[in-house]
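What follows is a single structure, written as structure tokens, with notes after it.
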Amino acid sequence: MKCPFCHSADTQVIDSRVSEEGDTIRRRRRCSACDRRFTTYERVELTMPAVVKRNGTRSEFDLDKLRASLKLALRKRPVSTEQVDAAVARIEESLLTSGKREVPSGFVGELVMNELIKLDQVAYVRFASVYKSFEDINEFVKAIDEIKG
């Protein structure tokens, strides 16, 4: 690992710790040349599947777009950032463990709706109204009836 300060390749690992989640290793390093210390993180790099949109085009999965969609649906709702982050992580894990190289955008939408219905029912209806392109009040009533079970 190159030193970020003097760019020397001669660095030593002083300390290594596994994160609480067990998915990252934090390493404290010391540069032998300039004696400065720095931290690096090591984690597995997995490839997310491509998203196939309704019109047939393909795009890379965008985690920021997913988070923004959830936040928009949850705007002004009593859901913490930690809950949103956990939902995003579960959706990301579902996509990674699907083992597919491509997934339809509808699959991602369903994952989002499954998370939203657990987090906040109002946010679920908001998202579903856009995602399913509700045309009239009857479709809202039907979605609310689905929640009531």
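The values are calculated or read from the model by the stated rules, or taken from the named source; none is laboratory data. For clarity, every value in this text was computed on a predicted model and none was experimentally measured. Ideal geometry is used to build each Cβ from the backbone, glycine not excepted, and the neighbour counts take in all protein chains shown. Surface accessibility is based on the protein's heavy atoms, side chains included, excluding ligands, DNA and RNA. Shrake-Rupley method; radii C 1.70, N 1.55, O 1.52, S 1.80 Å.
Are any residues in segment 68-91 open to solvent by less than 60 Å² (accessible area, probe 1.4 Å) and of a type outside the set (A, V, I, L, M, F, W, C), and if so, which ones? Working first, answer last.
Step one: filter segment 68-91 for residues open to solvent by less than 60 Å² (accessible area, probe 1.4 Å), giving 68-70, 73-74, 79-80, 84, 86-89, 91.
The answer is Ser69, Ser80.
Just to be sure I understand, how many residues within segment 1-39 are within 30 Å of Gly99 (Cβ to Cβ) and part of a strand (DSSP E or B)? Lay out the reasoning, then the answer.
In the first step, residues of segment 1-39 are kept if they are within 30 Å of Gly99 (Cβ to Cβ); the result is 18-26.
Still in the list and also part of a strand (DSSP E or B): 18, 24-26.
Adding up the residues that qualify gives 4.
Here Arg101 fulfils each of the conditions (1) out of contact with any Phe, Trp or Tyr (no Cβ under 9 Å at 6 or more places or on another chain); (2) of a type in the set (D, E, K, R); (3) in contact (Cβ under 8 Å) with a residue 40 or more places away in the chain; (4) surrounded by 11 or more Cβ atoms within 10 Å (Cβ to Cβ) apart from (4). Against the numbered list (1) open to solvent by 70 Å² or more (accessible area, probe 1.4 Å); (2) more than 21 Å from Lys132 (Cβ to Cβ); (3) modelled with pLDDT of 90 or more, Ser16 comes up short only at (1).
Let's see how each residue does on (1) of a type outside the set (D, E, K, R); (2) under 15 Å from the mean Cα position of the chain (by Cα):
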{"position": "His7", "(1), (2)": "yes, no"}
{"position": "Arg27", "(1), (2)": "no, no"}
{"position": "Cys31", "(1), (2)": "yes, no"}
{"position": "Glu45", "(1), (2)": "no, yes"}
{"position": "Asn55", "(1), (2)": "yes, no"}
{"position": "Glu102", "(1), (2)": "no, no"}
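Evaluated against (1) modelled with pLDDT under 90; (2) within 15 Å of the chain's Cα centre (by Cα), Ile91 falls short on exactly one condition, (1).
Out of all the residues in segment 40-59, which are in a loop (DSSP other than H, G, I, E, B) and within 15 Å of Asp23 (Cβ to Cβ)? Before the answer, list the steps.
Of all residues in segment 40-59, those in a loop (DSSP other than H, G, I, E, B) come to 44-49, 53-57.
Val44, Glu45, Leu46, listed by residue number.
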